[in-house]
Ligand code: GUN
């Protein structure tokens with residue numbers, strides 16, 4: 001029987017452990033604080049930041065949200081960032097991407113205090129991760145690692161094929177999985193839009209991670225017997241539903257389920273893990289900044 005990996009259950013267990021760490025910090029007078037910044041009014045981004053704020057409330061993190069008008073000059077966004085860098089009650093924050101076209105997101109990332117960069121996108125944090133000394137693992141790759149651990153996947157010497165080379169998922173995940181560590185030690189192949197014979201590279205893998213943003217690009221014929229499939233994709237496709245769309249992953253779930261040993265659903269797989277690991281990074285940031293030691297899951 002193919003195991004359907006329950007991201008909600010794994011995320012819920014992590015949140016429960018984080019709640020204890022949060023109470024330890026709060027008892028010491030330092031309730032962890034997370035801020036979200038949204039520039040513009042992209043509906044999907046609004047949904048994401050609302051969910052992040054709701055998560056904060058549930059676990060006892062002080063959540064704050066800052067809206068910046070979509071047509072505001074870059075300086076206004078930078079002032080918001082500078083204020084958050086200076087606010088001792090905000091231990092971590094993020095600027096939701098995508099930002100409007102007149103804003104250079106790389107400039108935004110570089111302006112964020114790396115000690116508060118709970119996305120793990122600042123070059124200092126990227127460098128530390130590559131060097132094997134990560135401060136904040138980016139939330140989605142970290143969530144994928146936790147899901148693999150919860151599914152008892154042995155990565156030691158395993159062939160992992162990652163489809164997608166984004167700065168947010170593919171690149172950091174590849175770097176994490178090749179680290180000399182219990183949750184690393186894999187042999188990683190990173191595929192992308194110029195890769196030739198993609199199917200051969202996915203079919204020979206013990207673990208396939210799809211993070212490419214193309215609806216149902218990977219189907220069952222591209223997956224080897226007993227492979228573990230992690231679907232990071234969240235794609236809105238037109239559908240005859242109340243909202244006029246439905247969410248599908250980068251993997252064709254039905255055909256892939258036949259071959260795979262285990263597979264994540266969309267929704268309910270990687271998504272809740274990404275959100276849980278943002279809370280994790282916020283607690284870690286608060287612990288580092290306040291000097292209060294806590295146990296992290
Ligand atoms: N937009 C989509 N995913 C992310 C993320 O992980 N962080 C931020 N800041 N924006 C995003």
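Laid out as a table, the results:
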{"item": "q = 0.09, 0.15, 0.16 Å⁻¹: log10 I(q)/I(0) that the Debye formula gives for the chain, counting C-alpha atoms only", "result": "-0.44, -1.21, -1.35"}
{"item": "Helix-only mean residue ellipticity at 222 nm for the chain, each DSSP H run of n ≥ 4 adding -39500 (n - 2.57), per residue, nearest 500", "result": "-12500 deg cm²/dmol"}
{"item": "Hull-based mean projected area of the stretch 1-137, where the convex hull spans the alpha carbons, in square nanometres", "result": "10.4"}
{"item": "Exposure proxy order (Cβ contacts within 10 Å, fewest to most) of 109, 178", "result": "178, 109"}
{"item": "Principal-axis tilt of helix 270-290 within the chain, Cα atoms, nearest 10 degrees", "result": "40"}
{"item": "Degrees separating the helix 74-86 axis from the principal Cα axis of the chain, which is the longest one", "result": "80"}
{"item": "Residue order, fewest to most surrounding Cβ atoms within 10 angstrom, among 166, 221", "result": "221, 166"}
{"item": "Relative contact order of the chain, pairs being alpha-carbon contacts under 8 Å that are 6 or more residues apart, as %", "result": "23"}
{"item": "Cα-based convex hull, the stretch 168-213, per residue volume (Å³, whole number)", "result": "79"}
{"item": "Crossing angle, helix 43-59 versus the chain [Cα axis fit, 0-90 degrees, rounded to tens]", "result": "70"}
{"item": "Solvent-free Debye scattering, log10 I(q)/I(0), computed from the Cα coordinates of the stretch 256-297 at q = 0.13, 0.34 Å⁻¹", "result": "-0.46, -1.08"}
{"item": "Exposure proxy ranking, count of Cβ atoms within 10 Å, fewest first, for 149, 196", "result": "196, 149"}
{"item": "Estimated Rh, the stretch 123-180: Kirkwood, alpha-carbon pairs, angstrom", "result": "11.8"}
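Where a number appears in this text, it was derived from the coordinates with a stated rule and is not lab data. Everything quoted here is computed from the prediction, not taken from an experiment. Cβ atoms come from the backbone with ideal geometry, glycine included; neighbour counts cover every protein chain shown.
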